[in-house]
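Notes for the one structure printed next.
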Amino acid sequence: KKPSVIPPCIQSVIEKIYATYDGDYDLNSVSINYYPANNETFHPEHSADQNCINQNSSIFTLSIGNPVSLLFKDKFSDEEQTFEVKDNTIYVMSRSSQNVFTQKILPITNAEDRFSITFRCVANVYRRSTIIMGDSNTRGYRFGTGAGTFGAGLPGKRVEAMRVEDISPLECMSYNNVIIQCGINSLSNRRVDGPMAVKEIFNKFKDKVEAILKLKSGINLYICPILPTRSHMLKRPINYFNQLIRSEIIDTNYRCNFLNISFLADFEDMLLPAYSRGDAVHLNSRGHSKLANIIKTSIFEVYNRGQSMRRRPATSQNTTRQGSNSPANPPTS
């Protein structure tokens, strides 16, 4: 069904919002609720956290007529706070706030009519919203349009997480796809010596993954294994860490996908010189380009599978779900 054209009287309100508030997005969705006078009215507890809403936008609600009480509730602490919404008042909520708070209009018998007009930025493309959380090897990824970017069909942002402890589950909540590419800096620490130290770092990594999955249902999580390097010293801890990812995360959770990066390594599990920037750990532009293509293709494969992917994940060329059924074996000397 083709959307209705926004009438001029409502469009003029949108223009005033543009003039008053910052934001590089189009308010293209309008919902109007009418609450008649002399009736008990309310709005049940809810969050405007639909996947189709621009993750970096704000949601604007104009209230005209009878004053009401608006209650916000923290989803995690159950803490509540009430605001009085007067006639001809506009209140603004960030899209990201909807991951943390619910809101509702408390029951009241209106002395006069009330209209509530809510403006949002929505599009199907935001169902593929993506956040990349990773170390310096993700600096070559760019969102947006034009050459060298993921393109308009994959909106999102990159957040730097140099070490495992820098991964922020809360920052992932607004996005439908989460890419984690992190760990090499934690493993390369001089104090990391032996399988037990690697397992300790992995346990922190696993805690971060579980926190992300707990905070938002329906999220698609893509884990990039730690990339191969030119360092023989790092090869064994990297391989062990990646085995743990497979056996303790990928094989036990259908919402997690393991990105296939085998093209980066030679037969000895060392980073191929063709993809190396010249040092031990960093990719060159060619390596970034190929890995970015793997990420984009993997997201679209999962997105296109739709509900069937959620019920029964399958192995693809770029994301794998198969792994050893036995526990990961620690490296031996």
Return the pair list, or none, for Cβ contacts closer than 7 Å from residues in the range 254-266 that are small (Gly, Ala, Ser) to residues that are crowded, with 22+ Cβ neighbours inside 10 Å and assigned to a loop (DSSP other than H, G, I, E, B), at least 6 apart or on different chains. ALA265/PRO228
Is it fair to say VAL209 is open to solvent by less than 50 Å² (accessible area, probe 1.4 Å), part of a helix (DSSP H, G or I), aliphatic (A, V, I, L, M) and over 30 Å from ARG127 (Cβ atoms)? no
Please determine, by comparing only the residues of the range 115-157 that are in a loop (DSSP other than H, G, I, E, B) and closer than 30 Å to VAL85 by Cβ, which one is most open to solvent (accessible area, probe 1.4 Å). ALA123
Close pairs from the range 227-245: first without any contact (Cβ under 8 Å) to a residue 12 or more places away in the chain and on the phi > 0 side of the Ramachandran plot, partner open to solvent by 10 Å² or more (accessible area, probe 1.4 Å) and not in a loop (DSSP other than H, G, I, E, B), Cβ under 7 Å, at least 6 apart: none
Given the conditions (1) within 25 Å of GLN243 (Cβ to Cβ); (2) of a type in the set (Val, Ile, Thr); (3) under 15 Å from the mean Cα position of the chain (by Cα); (4) modelled with pLDDT of 95 or more, report the number of the one that ILE219 does not fulfil. (4)
Note: among GLU84, GLU79, just one is among the acidic types (Asp, Glu), closer than 30 Å to LEU213 by Cβ, without any contact (Cβ under 8 Å) to a residue 24 or more places away in the chain and surrounded by fewer than 16 Cβ atoms within 10 Å (Cβ to Cβ), namely GLU79
Any residue at all in the range 7-28 that's farther than 24 Å from PRO155 by Cβ, assigned to a loop (DSSP other than H, G, I, E, B) and either open to solvent by less than 30 Å² (accessible area, probe 1.4 Å) or of a type outside the set (Gly, Ala, Ser) (or both)? yes
Flagged in the range 158-174 as in a loop (DSSP other than H, G, I, E, B) and open to solvent by 30 Å² or more (accessible area, probe 1.4 Å), in numbering order, are MET162, ARG163, SER168
Restricting attention to the range 175-201, report how many residues are surrounded by fewer than 24 Cβ atoms within 10 Å (Cβ to Cβ) and in a loop (DSSP other than H, G, I, E, B). 8
Scanning the range 33-56 residue by residue, those within 29 Å of TYR175 (Cβ to Cβ) and either assigned to a loop (DSSP other than H, G, I, E, B) or among the β-branched types (Val, Ile, Thr) (or both) turn out to be SER47, ALA48, ASP49, GLN50, ASN51, CYS52, ILE53, ASN54, GLN55, ASN56
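Quick check: anything in the range 89-111 hydroxyl-bearing (Ser, Thr, Tyr), farther than 27 Å from TYR303 by Cβ, open to solvent by 70 Å² or more (accessible area, probe 1.4 Å) and touching a strand residue (DSSP E or B) at 6+ places or on another chain (Cβ under 6 Å)? Spell out how you get there, then give the answer.
First, pick out the residues of the range 89-111 that are hydroxyl-bearing (Ser, Thr, Tyr): 89, 91, 94, 96-97, 102, 109.
So of that shortlist, the ones also farther than 27 Å from TYR303 by Cβ come out as 89, 91, 102, 109.
Going one step further and asking which of them are open to solvent by 70 Å² or more (accessible area, probe 1.4 Å), we end up with 109.
Those still in the list that are touching a strand residue (DSSP E or B) at 6+ places or on another chain (Cβ under 6 Å) too: 109.
Checking the range 89-111: at least one residue is hydroxyl-bearing (Ser, Thr, Tyr), farther than 27 Å from TYR303 by Cβ, open to solvent by 70 Å² or more (accessible area, probe 1.4 Å) and touching a strand residue (DSSP E or B) at 6+ places or on another chain (Cβ under 6 Å).
The values are calculated or read from the model by the stated rules, or taken from the named source; none is laboratory data. Keep in mind the model is a prediction, meaning the values are calculated, not measured. Here the Cβ is made from the backbone with ideal geometry for all residues, glycine too, and neighbour counts use every protein chain on show. Surface accessibility is based on the protein's heavy atoms, side chains included, excluding ligands, DNA and RNA. Shrake-Rupley method; radii C 1.70, N 1.55, O 1.52, S 1.80 Å.
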